[in-house]
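Written out below as structure tokens is the structure these notes cover.
What follows draws every value from the coordinates through simple rules; no lab data is involved. Worth saying up front: this structure is predicted, and the values here are computed from it rather than measured. Here the Cβ is made from the backbone with ideal geometry for all residues, glycine too, and neighbour counts use every protein chain on show.
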Amino acid sequence: MLRATLKSLLARKLRLVLSGLAVVLGVMFVSGAFVLTDTLSRSFDGLFSDAYAATDVGVSAKPKIDMSEMEGEQVATPFPAAVLDQVRAVPGVAQATGSAGADGAQVIGSNGKALTSFGPPQIGSNWNGENELVQLRAGRGPTADTEVAVNQTVATAAKLSVGDRVAVLTPHKDRQEFTVAGIFGYSGDRDSLGGVQEVAFTERAAQEAMLGQTGVYTELTVTAADGVDPAALRDRVSAALGDGYVVKTGEQLSADAAAGFDAALGFFNNILLGFAGVALFVGVFLILNTFSIIVAQRTRELALLRAIGASRRQVISSVLTEATVIGLLASALGLLAGIGVGALLAYVFGQVAGGLELAGIGVPPSAVISSFVVGLVVTLVAAVLPALRAARIPPVAAMQDVATPDRPLTRITVTGAVVSALGGALLLLGLTGSTGGGTLWTVLGGVLLSFIGIALLTPLISRPVVSALGRLFAWSVPGKLGRLNSGRNPRRTAITAAALMVGIALVTGVTVVLDSAKSSITALAEDTIQAELVISGTPSGARLPSFDAAVLDRAADVPGVAMVAGMYVDQAQVGQERSWITATNDVAALREIFRATPTAGSIDSLGPQQLLVDSGTAKEQGLSVGATVPVQLSRGEARTYTVTGIYAESQLLNGFLLPASAAVDFGSPKPTQAYLKLDPGASVDQVMPQVETLLADSPTVSVADRADFIEQQAGQLDQVLTMIQILLALAILIAVLGIVNTLALSVLERTRELGLLRAIGLRRAQTMRMIIVEAVVISVFGALLGLAVGTSLGAAVVRALREDGITDLVLPWSRMAVLLGLAAVVGVVAAVLPAIRAARLNVLGAIAHE
């Protein structure tokens, strides 16, 4: 029986390829995700190991707000320079150096634009000379406060040479110009460490520009004397400094830094695996359809096996053995393809990150195990129902030509209705937040069951819908035949269309949600923001673009400007909760510009130790006017603020509001946005150029009118949508392969029929048109189904988010029309190879085909 199964499998190599291709693509996504994250993880491990290679012990002050890479940017706490002398006095210390550094040193390139960074920080710190890691390549280190040294990555990007003048933006200083005294690199002939852009100042200049005060450091690097164990030295330094400092060995610092990136990579890996799961789910439909057609084509063969003594169990084993072979081969190929894809994505990531030096491409055990487990499980699950169907073939079928009769759809329809109802119930529970912490899994389970249920219901509606669609092509004989063929087997048509339905439904659903969110945000902003001009920038890294606070006062003096409300943003520990917090220079202006209304107290002004809070936060934390709240900002000591007013919560203005004086202790003490309200009758066209001149030294921000600003902010959702569509493209590709597979196997199944049609006068071109019509009808049916399901799911999510401000339901008719048109094109493309094969059939050979 095993020999017969393997010979049958090898005799149909095309069937083997088509069956396994979906698994190959799905497994490729899974293994590629593990290879990518493993490669990047080891790359960052090596990066941090090198960065701390010359550090035996590191010293830093405990952060005011401790946060991980996933939560935001960790702001270092400055500590007195006198601590350096304390550390040097500890027995066993050979050398100790102090660093005054922070993120936020942006170099202005020769084109007048600030260098951007998509991930790696832009570090500004003091020059401590060459060491095992840092090596000068040209010039020298800075010796005057008007000089800097830059790493080779900055020099290349900004086209700088020794002696050039360069402008630098820093967190605590206006735009400053320096002379490039030197250019440095790193051991191993590296231009940067993981794409980090680094500017080195003199110690005093670094302290003033990056930390806003002199006589402080953010980190000490300690070298142990010969024979002194770093762990023992760590304990001595820790005992000398007390509890206010974090003292770790270089190995600990390297491991901690790598662990933070591993957490972020793990989140990224889960996203990729989620899309891989979608691709494999679609692949199940393809494999199920393939084996169903194969079993139908092998009816006589399987009946002969039953007639000569094969048991039902052996027939089931035969089909599952074939599935196992296909699963193993496809998993192996998918693993190999995934290694290539993972290596390619790692290379792209390294280039985008600014030249991250990649570790060697490795294949972690998780990639191998998951590839084969996923590939085998998906293939076997998809083959179970066809295997059971094969076991029911009676031996008497070997003695006659047997056409597989259509079975009643009652059972599958009832099952589909029950599963759809369960999926809808889970979606309802998840979207209403009734499951607490399990909301995400409840929603995902509801979506999965809904798709399965709809797929089971699809055969019920496939015949009438396909028949109606086919009438568009029924003006010719090939069109009529294609229409009849597409509706001949509702189960096969439904499974093929369902695969395409899943991909298009997800794309449509996400589009509905994001377009609705974009429309709601736009409408809310247009109705709420009473400012004609807005100063802001587009983030390119962890930090928001900012500008000099003096611009706020200068803008207020521009003729035609009635009021200016600047906004400073940071994370803070407020009471027991960590939240984003805002400071403003003019709370009265902010109130009018955002139409804020008081619900208690006054919101017209703010004193040095006063704050305002929105009504929702106040209710959640039990705050009232007169209550005191401890607030710990990124820098400085915790301070107690008094609630002097509570304002009505809105989607654009909420949380805690502090006076501008508090921003000195923010991670970035500069404003990130400003809203300008003009005098009645003042012209935007006249005021805007005057405000633009005030921003000449702040190239990371610009001024825009309200409509352009709102469009820019809402447009960020389009980038998210594009990324999701690209990732879902694999699922749609697998669905297209399903159409190709179904048609190819259908042509084989109908060889004699096609021969007879050719014998009675159907020409080759007509035969091809017949196959193309069949493919287009199935493809458009799947697309219509996907659009209907996706629109319903998207509308349900929008309805659930109504209380979160997503009030507009927007149906993307133009994109839906494009998807429908693409589905028709997909049908034509998918039909090309099967149509050519059908047209090339030898007429006499086809008629005699068994």
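Is region 101-217 rounded, prolate or oblate when judged by the Cα gyration tensor, a ≥ b ≥ c being the square roots of its eigenvalues, rounded requiring a/c under 1.5 and prolate requiring a/b larger than b/c?
On the way: a/c = 1.30, a/b = 1.13, b/c = 1.15.
Judged from the Cα gyration tensor, region 101-217 comes out rounded (a/c under 1.5).
If you take the alpha carbon radius of gyration of region 186-239 and divide it by 2.2 N^0.38 Å, what ratio comes out, to two decimals?
Working: Rg = 15.9 Å, N = 54, 2.2 N^0.38 = 10.0 Å.
Here the answer is 1.59, to two decimals.
Shape of region 62-144 from its Cα gyration tensor (a ≥ b ≥ c, root eigenvalues): rounded if a/c is under 1.5, otherwise prolate when a/b > b/c, or oblate?
Numbers: a/c = 2.38, a/b = 1.24, b/c = 1.92.
Since a/c reaches 1.5 but b/c is at least a/b, the shape of region 62-144 is classed as oblate.
Please find the FRET efficiency linking LEU822 to ARG204, where r is the Cβ-Cβ separation and R0 is fixed at 60 Å, and quote it to the nearest 0.05. Write down the numbers at each step before the final one.
Working: r = 62 Å, r/R0 = 1.03.
Calculated transfer efficiency: 0.45.
Can you list the HN-Hα couplings for region 88-95, worked out from phi with the Karplus curve (6.51, -1.76, 1.60; θ = phi - 60°), rounded to whole Hz and with x for Gly and Pro?
Karplus-based 3J(HN,Hα) across region 88-95 equals 4, 7, 6, x, x, 8, 8, 7 Hz.
Given the chain, what percent of its DSSP beta bridges are antiparallel, to the nearest 5? List each step's numbers first, then the result.
On the way: 67 of 86 bridges.
For the chain, the DSSP antiparallel bridge percentage is about 80.
In region 607-665, what GluC sites (Glu not before Pro) fall in a loop by DSSP, with at most 10 other Cβ atoms inside 10 Å?
Sites meeting the loop and neighbour criteria: GLU637.
On the principal axes of its Cα set, how long, how wide and how thick is region 575-708? Give whole Å, largest value first.
Computed over region 575-708, the largest-to-smallest principal extents equal 47, 31, 23 Å.
Residues in region 681-701, backbone N under 19 Å from the label point at ASP708 (7 Å along the Cα-to-beta-carbon vector): list them, ranges by number please.
Label zone hits: 682-701.
Could you list ASP189, ASP808, ASP665 so that the one with the fewest beta carbons within 10 Å of its beta carbon is first and the one with the most is last? Don't skip to the end; give the middle numbers.
Working: ASP189 10, ASP808 17, ASP665 22.
So the residues, fewest neighbours to most, are ASP189, ASP808, ASP665.
Treat every Asp and Glu Cβ in region 101-217 as -1 and every Lys and Arg Cβ as +1, leave all other atoms uncharged, and give the resulting dipole magnitude about the Cα centre to the nearest 20 debye. Numbers along the way, then the final one.
On the way: 9 positive and 13 negative charges, 59 e Å.
Dipole of region 101-217, to the nearest 20 debye: 280 debye.
Between the DSSP loop rule and a limit of at most 14 other Cβ atoms within 10 Å, which GluC sites (Glu not before Pro) in region 19-112 are left? Before the final figure, lay out each step's value.
Values: sites: GLU69, GLU71, GLU73; in loops: GLU69, GLU71, GLU73.
Filter output for region 19-112: GLU71.
Taking the Cα-to-Cβ direction at ALA53 and at SER161 and moving 7 Å from each Cα, how far apart do the two end points lie in nm?
According to this spin-label approximation, the distance is 3.1 nm.
Helices from the chain with mean Kyte-Doolittle at least 0.5 and a Cα length along the axis of 30 Å or more, per DSSP H: which?
On the way: long enough: 13-51 (54 Å, 1.12); 250-297 (67 Å, 1.34); 312-352 (57 Å, 1.36); 365-391 (37 Å, 1.91); 410-431 (31 Å, 1.65); 439-470 (42 Å, 1.64); 490-528 (53 Å, 0.86); 706-749 (63 Å, 1.25); 764-800 (54 Å, 1.41); 813-839 (38 Å, 1.78).
Span-like helices in the chain: 13-51, 250-297, 312-352, 365-391, 410-431, 439-470, 490-528, 706-749, 764-800, 813-839.
Dipole of region 101-217 (Lys/Arg Cβ +1, Asp/Glu Cβ -1, origin at the Cα centre): which of GLN213, HIS172, VAL107 lies farthest to the positive side?
Comparing the listed Cα positions along the dipole, VAL107 ranks first.
What shape does region 509-589 have by the C-alpha gyration tensor, where a ≥ b ≥ c are the square roots of the eigenvalues, rounded means a/c under 1.5, and otherwise prolate means a/b greater than b/c and oblate the rest?
Numbers: a/c = 1.90, a/b = 1.25, b/c = 1.52.
Because a/c hits 1.5 or more and a/b fails to exceed b/c, region 509-589 counts as oblate.
Just name one of LEU388, THR324, ALA76: the one whose Cα is farthest towards the positive end of the charge dipole of the chain (beta-carbon charges, Lys/Arg +1, Asp/Glu -1).
Projecting each Cα onto the dipole axis, the largest value belongs to LEU388.
Please state the relative contact order of region 548-694 as a whole percent: Cα pairs under 8 Å, 6+ residues apart?
Details: 297 pairs, mean separation 51.0, N = 147.
Normalised by residue count, the contact order of region 548-694 is 35 percent.
Report the one residue of GLY607, VAL629, PRO559 whose Cα lies farthest in the direction of the positive end of the charge dipole of region 548-694 (charges on C-beta: Lys and Arg +1, Asp and Glu -1; origin at the Cα centre).
VAL629
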